[in-house]
Amino acid sequence: MATSGTVSTTQFTTRQVIDHAYRRCRLGAQQITSEMIDVANDQLYLVLSNLANRGVQLWCIEKLIMPLYEGNGAVTLPLGTVDVLNTNLRTLTQVSGVETSTATTFQVYVAGGATATTVGVLWSAVAVPFVVEQSADGVSWSAVATEQDTTAPTQGAGEWLWVDFDATTTNVYFRVRATSGTLSVSDVYFGNTPTEIPIARLNRDDYTALPNKYFLGRPLQFWFDRQIDQPVMRLWPVPNLAATTQQIVLWRHRYIQDVGSMTQELDIPQRWFDAIVALLAAKLAEETPEVDSQLMPILDAKAAKALAEAESEERDNSPIYWAPSINCYTR
């Protein structure tokens with residue numbers, strides 16, 4: 001039996017999602033107006049946004065490396081952050097060597113070679129695109145990372161950008177090279193042997209009860225201040241000078257990406273398309289007068305069933321360990 005020979009290569013655009021949702025409402029293509037398309041776009045945005053209220057979508061978990069600055073205990077997270085799931089404070093050991101720089105590169109030569117896992121760039125002007133490269137002879141270079149390997153916000157003058165390499169890299173030469181513009185930096189920090197310790201999460205009452213919220217030291221705790229656009233991590237202690245070459249490594253839960261053009265795809269995995277079409281159809285039935293009202297309970301029931309099936313597979317199958325603390329009941 002002949003098959004396609006391909007897996008997950010079929011494109012399912014936003015337009016197709018909307019068309020199928022209206023068909024489930026028993027509306028043909030000739031009945032769909034431009035105003036109805038706009039309403040469907042709005043409803044699709046609401047459906048995708050509301051999924052964040054139902055739990056964590058595994059494809060919406062991202063790693064962030066947030067820089068620290070002396071005396072600044074407020075770490076503002078990027079747009080679209082719903083929550084932080086895991087948070088660690090990381091300390092690196094700097095790779096020492098002979099440093100040279102030009103208008104477009106910053107290079108470190110380490111006699112005998114060294115290992116690097118991370119690079120930090122302290123900008124003296126607005127950040128530009130760059131690539132991190134390694135070499136054994138200073139002539140032939142291979143890329144190990146770019147600025148696109150981080151999801152941290154865009155940096156300006158006086159701000160750090162930290163990038164992890166995909167794998168531990170050992171070589172003699174390391175450099176950061178601007179792929180466009182001038183590499184205006186105050187410092188470049190190649191690091192290795194990362195050590196991470198968890199940072200405890202405080203509730204609002206515990207944070208507000210701290211007697212000195214500006215105490216300087218190594219950050220050990222934070223309160224997650226959920227603002228409308230961008231949540232803020234309120235660190236305690238506030239980072240001291242030694243913490244400026246440390247980082248907050250966290251995994252955030254973000255919103256599903258915005259609905260784009262009609263020819264683009266949605267930011268959802270293949271297994272979720274039927275559920276999204278079903279949810280959108282149920283929402284459109286409520287706002288479209290042309291839809292038979294008797295269809296609404298049917299569409300609601302099908303949407304609930306499709307959503308339950310999608311959510312039941314939203315798991316990573318990892319083992320769970322329970323460690324009950326029962327010492328207070330035993331001798």
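Only one entry in LEU279, LEU266 is of a type outside the set (Gly, Ala, Ser), more than 20 Å from GLY80 (Cβ to Cβ) and buried (at least 19 other Cβ atoms within 10 Å of the Cβ), namely LEU279.
All told, ASP187 falls short of being within 19 Å of the chain's Cα centre (by Cα), surrounded by fewer than 16 Cβ atoms within 10 Å (Cβ to Cβ) and among the charged types (D, E, K, R). When you scan segment 70-82, do you find a residue that is over 23 Å from the mean Cα position of the chain (by Cα) and over 22 Å from GLN247 (Cβ atoms), even just one? No, the conditions are met nowhere in segment 70-82.
Screening segment 59-136 for strands (runs of 3 or more DSSP E) wholly inside it with 3 or more residues that are in the same structural domain as THR245 (by TED's automatic domain parsing), touching a residue at least 12 places away in the same chain (Cβ under 8 Å) and surrounded by 15 or more Cβ atoms within 10 Å (Cβ to Cβ) returns the ranges 61-67, 81-94, 105-123, 130-135. Here GLN155 does not qualify as in contact with a Ser or Thr (Cβ under 6 Å, 6 or more places away or on another chain), among the polar types (S, T, N, Q) and either within 30 Å of ASN240 (Cβ to Cβ) or assigned by TED's automatic domain parsing to the domain that holds PHE222 (or both).
Do we find a residue being loosely packed, with under 14 Cβ neighbours inside 10 Å and of a type in the set (Lys, Arg) anywhere in segment 296-312? Within segment 296-312 (the criterion being loosely packed, with under 14 Cβ neighbours inside 10 Å and of a type in the set (Lys, Arg)), the answer is yes, since at least one residue qualifies.
Residues that are modelled with pLDDT of 95 or more, closer than 30 Å to THR93 by Cβ and in a loop (DSSP other than H, G, I, E, B) within segment 184-213 comprise just one, ILE199.
Of all residues in segment 27-58, those being more than 26 Å from the chain's Cα centre (by Cα) and loosely packed, with under 14 Cβ neighbours inside 10 Å number 8.
The values are calculated or read from the model by the stated rules, or taken from the named source; none is laboratory data. This one's a predicted model, so the numbers in the text were calculated from it and none came from an experiment. Quick reminder, even Gly has a Cβ in these numbers, built from the backbone with ideal geometry, and neighbours come from all protein chains shown.
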